[in-house]
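Single-structure report; data block below.
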Amino acid sequence: MQPSSAALLRDMLDAAGTIQDYVRGKTSADYFADRALRDAVQWNFAVIGEALSQLHKIDAPIAEQVREWNRIIGFRNQLVHGYGVIKHGITWDIIENKLPVLIDDLNRLLTIT
């Protein structure tokens with residue numbers, strides 16, 4: 001693995017942990033009602049997707065070990081380019097059900113660096 005690959009994995013892990021910190025103790029209703037919270041979460045998802053996109057360019061075999069890597073990059077693109085149609089319920093579902101899987105993948109990949 002290239003040294004910069006590990007840095008990108010750490011950036012993703014940091015952003016994912018930050019999302020978890022922001023939503024800890026919050027409900028979906030809290031998320032829907034708080035624009036600042038949504039903005040903060042969406043920014044960190046954009047960071048994750050961008051870092052994964054960059055990782056795929058320099059180290060595709062590692063990037064492709066992240067489950068749903070292409071959907072994560074697609075979500076980043078949706079946030080950046082299609083922000084007007086973001087469904088907050090889908091984002092909340094990603095936080096609850098997909099983010100823990102991503103964190104597991106990132107921790108596993110960082111152990112092989």
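Each reported figure results from applying straightforward, stated rules to the coordinates on display, with no laboratory input. Bear in mind that the values here come from a model prediction, so they are computed numbers and not experimental data. Cβ sites come from the backbone with ideal geometry, for glycine too, and all protein chains shown count toward neighbours.
Key figures for this structure:
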item: Longest to shortest principal axis, alpha-carbon extents of the chain, angstrom; result: 42, 29, 19
item: Gain in span if fully extended, Ala33 to Asp14, counting 0.36 nm per residue against the direct Cα distance; result: 4.3 nm
item: At R0 = 30 Å, FRET efficiency that the Cβ-Cβ distance of Tyr83 and Thr111 yields, to 0.05; result: 0.30
item: Protection proxy ranking, peptides 78-85, 90-97, average beta carbon neighbours within 10 Å, highest first; result: 90-97, 78-85
item: Computed over region 3-111: relative contact order in percent, which uses C-alpha pairs under 8 Å that are six or more apart; result: 36
item: Listed residues Ala40, Ala51, Ala15, most fluctuating in the chain (Gaussian network, C-alpha, under 10 Å); result: Ala40
item: Fewest-first sequence of Asp59, Asp34 by Cβ atoms within 10 Å of each Cβ; result: Asp34, Asp59
item: Electrostatic dipole magnitude of the chain [Cβ: Lys, Arg +1; Asp, Glu -1; Cα centre; debye, to 20]; result: 160
item: Sorted by Cβ density within 10 Å, fewest first, the residues Thr27, Thr111; result: Thr111, Thr27
item: Helix-only [θ]222 nm of the chain, DSSP H runs n ≥ 4, -39500 (n - 2.57) each, per residue, nearest 500; result: -24000 deg cm²/dmol
